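Let me begin by presenting the structure, written as structure tokens, before commenting on it.
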Amino acid sequence: LIPVHPLPSLFAKENLNRMSEQQLNLYDRLINEPSNDWDIYYWATEAKPTPAEFENDVMAMLREFAKNKKREQRLRQPDLEYLFEPR
């Protein structure tokens, strides 16, 4: 079992609600096609080059998010309540 890096889910919590349908589709493809989240982490932090099929505006947004300019602590997965609309 490969541990999951929290970066993609933290990015989702902050960005999903303002992404276009096309961006949501690109994000869905990004989180579901690579073999593990560590690949996404390495691409987002520019430790490894992003494959051409994932080089798009969502990856650019993720790279910007990974820079963590606000210097937030990002040590764990976010709680999932952001996924559910209030009743």
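The values are calculated or read from the model by the stated rules, or taken from the named source; none is laboratory data. Keep in mind that this is a model prediction, so the values were computed, not measured. Using ideal geometry, Cβ is built from the backbone for each residue, glycine included, and neighbour counts are taken over all protein chains shown. For the accessible areas, the whole protein counts, side chains as well, though only heavy atoms, and no ligand, DNA or RNA atoms are used. Shrake-Rupley method; radii C 1.70, N 1.55, O 1.52, S 1.80 Å.
Solvent-accessible area per residue in segment 18-71 equals 65 Å², computed with a 1.4 angstrom probe and all protein chains kept. Each residue, Asn32 and Lys48, gets one label point 7 Å from its Cα in the Cβ direction; the gap between the two is 2.2 nm. Modelled spin labels at Asn15 and Asn68, positioned 7 Å past Cα toward Cβ, are 1.6 nm from each other.
For segment 18-71, what does the relative contact order come out to in percent, with C-alpha contacts under 8 Å and a separation of six or more? Present the calculation step by step, with values, prior to reporting the outcome.
Numbers: 23 pairs, mean separation 17.0, N = 54.
It comes to 31 percent, rounded to a whole number.
For segment 18-71, with all protein chains in place and a probe radius of 1.4 Å, 46% of the accessible heavy-atom surface sits on carbon or sulfur.
Couplings for segment 54-63, taken from phi via the Karplus curve 6.51 cos²θ - 1.76 cosθ + 1.60 with θ = phi - 60°, read 10, 7, 7, 5, 5, 5, 4, 5, 5, 4 Hz in order; Gly and Pro are left as x. Derived scalar couplings between HN and Hα for segment 16-24 equal 4, 5, 10, 8, 6, 4, 4, 5, 4 Hz in order, rounded to whole Hz, by the Karplus curve 6.51 cos²θ - 1.76 cosθ + 1.60 (θ = phi - 60°), x for Gly and Pro.
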